[in-house]
Amino acid sequence: MNITINNILRAAVLLLATVSISAHAQKISDLDNDQGAQGDTVMAPDVTKVGDWNVVCEAGGGANCAMTQLGEDSEGSPAIEFVVRKIEEQDAEIDGVKIVAVADIITPLGVLLEFGLRLKIDAGEERGAPFRICQKHGCLVREPLSADVIASLKKGNKATVTVAAEGAGPIDIDISLRGFTKAFNSL
């Protein structure tokens with residue numbers, strides 16, 4: 001990737017995170033003009049740094065919050081955005097497993113979809129997840145997180161996300177887990 005694409009990707013990824021926690025649907029052109037759908041001023045989200053994570057909440061103390069971190073490739077360029085949101089439904093289950101959160105992992109275009117995405121916490125077991133959708137800003141994996149996975153993330157030092165790119169093969173991107181527990185508990 002060249003620097004121009006990296007800057008565009010960083011802006012797109014941050015925009016996706018901001019838009020995903022907004023309680024009101026808005027057009028992208030409204031965000032660009034700092035105007036809401038009704039002509040109201042769109043307030044920037046509240047961002048708090050917690051360890052290596054950013055906790056992003058609706059402006060003005062809104063309840064919709066997510067924690068996010070940009071993962072960089074070996075050259076220091078932003079390669080993914082890792083977003084974690086608690087789910088509000090207390091009885092959410094998938095195949096008998098209680099789900100407490102959802103991870104949205106956004107990658108640049110050009111990943112090999114059939115490879116999917118893999119996540120490994122420290123030296124633990126590698127988990128795989130398929131891509132959900134690709135749009136002009138990147139590709140998305142949305143994966144439910146059980147209480148066991150959250151506990152592993154809280155105890156861990158780093159999570160390694162692996163994707164594959166055409167001609168480059170598997171690419172490992174480290175996500176620091178420093179501050180994960182405090183950030184997650186603040187959601």
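Every number in this text was worked out from the coordinates using simple rules, so none of it is lab data. Quick caveat: nothing in here was measured; it's all calculated off a predicted structure. Ideal geometry is used to build each Cβ from the backbone, glycine not excepted, and the neighbour counts take in all protein chains shown.
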Residue among PHE184, PHE180, PHE131, PHE82 that is within 25 Å of ASP46 (Cα to Cα), touching a helix residue (DSSP H, G or I) at 6+ places or on another chain (Cβ under 6 Å) and among the aromatic types (Phe, Trp, Tyr) | PHE180
Scan the range 125-179 for residues that are part of a strand (DSSP E or B), touching a residue at least 60 places away in the same chain (Cβ under 8 Å) and at positive phi and report the count.
-> 1
Per the list (1) of a type outside the set (A, V, I, L, M, F, W, C); (2) in a strand (DSSP E or B); (3) surrounded by fewer than 16 Cβ atoms within 10 Å (Cβ to Cβ), residue check on GLU114 breaks on (2)
Does the range 47-59 include one or more residues that are out of contact with any Leu (no Cβ under 7 Å at 6 or more places or on another chain), under 29 Å from GLY169 (Cβ atoms) and hydroxyl-bearing (Ser, Thr, Tyr)?
-> no
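Closer than 29 Å to GLU88 by Cβ, in contact with a Pro (Cβ under 8 Å, 6 or more places away or on another chain) and among the hydrophobic types (A, V, I, L, M, F, W, C): does that describe VAL161?
Answer is no for this residue.
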